[in-house]
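The values are calculated or read from the model by the stated rules, or taken from the named source; none is laboratory data. Bear in mind that the values here come from a model prediction, so they are computed numbers and not experimental data. Ideal geometry is used to build each Cβ from the backbone, glycine not excepted, and the neighbour counts take in all protein chains shown.
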Amino acid sequence: MSVPKPPKPCKLVLGLLFREDEAKVAVLRSLADRFGPLDAVTRPQDFAFTRFYEKEMGPGIRRLFGSFDILVEPDLLVPIKAQTNRLEQDTARDGRRTVNVDPGLLCEERLVLATGKNAGHRIYLRDGIYADLTLIYRDGAYRPLPWTYPDYAQDETRRFFGLLRGILIARRSGRIPRWTHPMEDLQS
């Protein structure tokens, strides 16, 4: 018989699609107000994996990934997705989103995204939100699955999540390294 144990807290991460830098900055600030400071953000890259979002957001969409300094309990994924959905609605223009925010939980074993869309590999949580198993950690790296979105399956993206995994492990152990600006070392 298995004995239920409380889950370990996970790293709150996000994928952000946007067109305008002003919208990106406003949404990142709003997310930081809600969930605390971001501790890592990738450089924006052109998003050319699908044209699905162009119907609503227009051409020239870019993608970035980020993570928050806090660790969260896994059962908070649904209310976090509800908050990001409201943020998308609040920043919409003429009924069209200016950003798409995909919150997720990075654990040592996996990356799970929150979504409102059902599919065969997604598990219903509650309130119209599903858990999408996006990456699994195996053989020293996060690995894509047959249904993993192409931007999450990219080597560069998976390396970023691997770095975040190291931060997660250090945070849980209380051994988080002190992050400094490279110029500080030159001034001492």
Log entry, pairs with first residue in region 59-70 being in contact (Cβ under 8 Å) with a residue 12 or more places away in the chain, second being of a type in the set (Asp, Glu), beta carbons closer than 7 Å, six or more apart or on different chains, reads Ile61/Glu54; Arg62/Asp46; Arg63/Asp151; Ser67/Asp39; Phe68/Asp39; Asp69/Asp39
Picked from region 46-83 (must be polar (S, T, N, Q) and modelled with pLDDT of 95 or more), the residue surrounded by the fewest Cβ atoms within 10 Å (Cβ to Cβ) is Gln83
- Task: Scan region 112-131 and give yes if some residue there is part of a loop (DSSP other than H, G, I, E, B), touching a residue at least 60 places away in the same chain (Cβ under 8 Å) and within 17 Å of the chain's Cα centre (by Cα), otherwise no.
- Result: no
>> Scan region 137-146 and tell me whether some residue there is among the basic types (Lys, Arg), exposed (fewer than 14 other Cβ atoms within 10 Å of the Cβ), closer than 28 Å to Gly166 by Cβ and without any contact (Cβ under 8 Å) to a residue 12 or more places away in the chain.
In response: yes
### Query
Quick check, is Asp151 touching a residue at least 24 places away in the same chain (Cβ under 8 Å), touching an Asp or Glu at 6+ places or on another chain (Cβ under 6 Å) and either polar (S, T, N, Q) or within 18 Å of Val41 (Cα to Cα) (or both)?
no
Scanning region 1-27 for residues that are surrounded by 11 or more Cβ atoms within 10 Å (Cβ to Cβ) and part of a loop (DSSP other than H, G, I, E, B), the one nearest to the chain's Cα centre (by Cα) turns out to be Pro9
